[in-house]
1. Working only within the stretch 77-89, note down all residues that are surrounded by fewer than 20 Cβ atoms within 10 Å (Cβ to Cβ) and under 16 Å from I113 (Cα atoms).
2. How many residues are charged (D, E, K, R) and either outside the structural domain of V130 (by TED's automatic domain parsing) or free of Cβ contacts under 8 Å to residues at least 12 places away in the same chain (or both) if we restrict to the stretch 50-72?
3. Return yes when A86 is over 24 Å from W51 (Cβ atoms), assigned to a helix (DSSP H, G or I) and touching a residue at least 24 places away in the same chain (Cβ under 8 Å) and no when it is not.
4. Sort out which residues of the stretch 251-284 are part of a loop (DSSP other than H, G, I, E, B) and free of Cβ contacts under 8 Å to residues at least 12 places away in the same chain, and write them in order of number.
5. So, A245, is that one among the aliphatic types (A, V, I, L, M) and surrounded by fewer than 16 Cβ atoms within 10 Å (Cβ to Cβ) or not?
6. For the stretch 163-183, state whether one or more residues are surrounded by 10 or more Cβ atoms within 10 Å (Cβ to Cβ), over 25 Å from L87 (Cβ atoms) and among the β-branched types (V, I, T).
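The values are calculated or read from the model by the stated rules, or taken from the named source; none is laboratory data. Every value quoted in this text rests on a predicted model; they were computed, and no experiment measured them. Note that each Cβ is placed from the backbone with ideal geometry, even for glycine, and that neighbours are counted across all protein chains shown.
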Amino acid sequence: MLFVLRKVLFIRFFLKYPGFPDFYGTMKRVLWHSAFWLVYLLQDTVLEFVWVAPALKNIPDNVQFWLAFKAALAAVIPKLLFTYYALYVPVRQIVKGHVKLFWTIAQVVAAIIITIIIYRAIFVYYITPVIYQGLLTKRPLFNLLGVLLAVMDIGFVSGVAIALKLLRIQLTVREREKNLIKEKLEAELKFLRHQTNPHFLFNTLNNIYALARKRSEHTAEVVMRLSKLLRFILYESKSDLITVADELKILDDYIALEKMRYERLTIHFQRDIDESTQQIAPLLLLPFVENAFKHGASESRFDSFIRISVQLQKGRLTFNIENTKEGQTSQEIRDNIGLCNVRRQLELMYREYDLQLQNEPHIFSVRLYINLTSYAQV
């Protein structure tokens, strides 16, 4: 019962204080730093043990190791102080860009000199006479060899710590940049999908307007089919992926909607699907069908046709559509809103795809190949 009560109070403390996750982050950093210094202390102990072993031949190895550990523990104090000074003063200033080069260099040099003095004082006045009890040769406070060893010892541990700090900052910056790029691409993809909806609605309303002017008996049915399509667009198309069967059903509904408007139009829709549950980005094929009706059948005064074929084998989708068109020019193809939209969606979502457009004198055709298994989560 007491355990449950403590757990409840702990959870309430989490919920009551929004800043508590910062405490968790701080504790995590403390553990990592503690692990770093523990590993370094063990490494420094081994080096100290090897370094002083020749001078302590008559002392058992376990006692030598314990003395080396105490010496390493005493020597780590100035190294620890300088390392954290370097991490949280000059390095932080450099990372933030708030740095005056001369002043920063002067600060670091002064800190190094002070650290070397403390380091040498610990060795001369504590480690040699107290820990090793005078068994080691006593050297002056500022001899050349001692100072060089101090510089290398302090420089090694502080250099490793600073390198790890800069590496962590770089990884954090890269992760932040990656998240920003991901958010940008997700926003762009949502915009492209939302742009498809009014484009489709605009074309369909034109059809309803044409039927209403003719006072066609199919007007009510068109409105009903439109409501079903809009329901799909508003709800189901918000998913990142839908089944190929659902995508083809949208094409069927749209074609049925458009066929009511044209009398001299022949439509062939051929399918060869091995797995209708294969996933595809929603409303990816619809703009091509819209384009075939808008720039083909609606602009043709004579008999016209639209031929569509969809083949899906082992995750490889091949979509072909061609439509008749008026005029005998083969001018350069210029993407309209729908085609530009689809191109950009393909770039964002699939690593393997190929889109080819052909503008012949009487026929406009599109060939789209997509490896649906190469879908890249934005």
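1. Residues satisfying the conditions are I77, L80, L81, Y84, Y85.
2. Number satisfying all stated conditions: 2.
3. yes
4. E263
5. In short, yes.
6. yes
Conditions tested, residue by residue: (1) more than 30 Å from R168 (Cα to Cα); (2) in the same structural domain as F49 (by TED's automatic domain parsing); (3) not in a helix (DSSP H, G or I).
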position: T104; (1), (2), (3): no, yes, no
position: R120; (1), (2), (3): yes, yes, no
position: G134; (1), (2), (3): yes, yes, yes
position: T137; (1), (2), (3): yes, yes, yes
position: I154; (1), (2), (3): no, no, no
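This table checks each residue for (1) of a type in the set (D, E); (2) under 24 Å from L164 (Cβ atoms); (3) over 48 Å from the mean Cα position of the chain (by Cα); (4) surrounded by fewer than 18 Cβ atoms within 10 Å (Cβ to Cβ).
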{"site": "L67", "(1), (2), (3), (4)": "no, no, yes, no"}
{"site": "A72", "(1), (2), (3), (4)": "no, yes, no, no"}
{"site": "R92", "(1), (2), (3), (4)": "no, yes, no, yes"}
{"site": "G97", "(1), (2), (3), (4)": "no, yes, no, yes"}
{"site": "T104", "(1), (2), (3), (4)": "no, yes, no, yes"}
{"site": "V109", "(1), (2), (3), (4)": "no, yes, no, yes"}
{"site": "I113", "(1), (2), (3), (4)": "no, no, no, yes"}
{"site": "L148", "(1), (2), (3), (4)": "no, no, no, yes"}
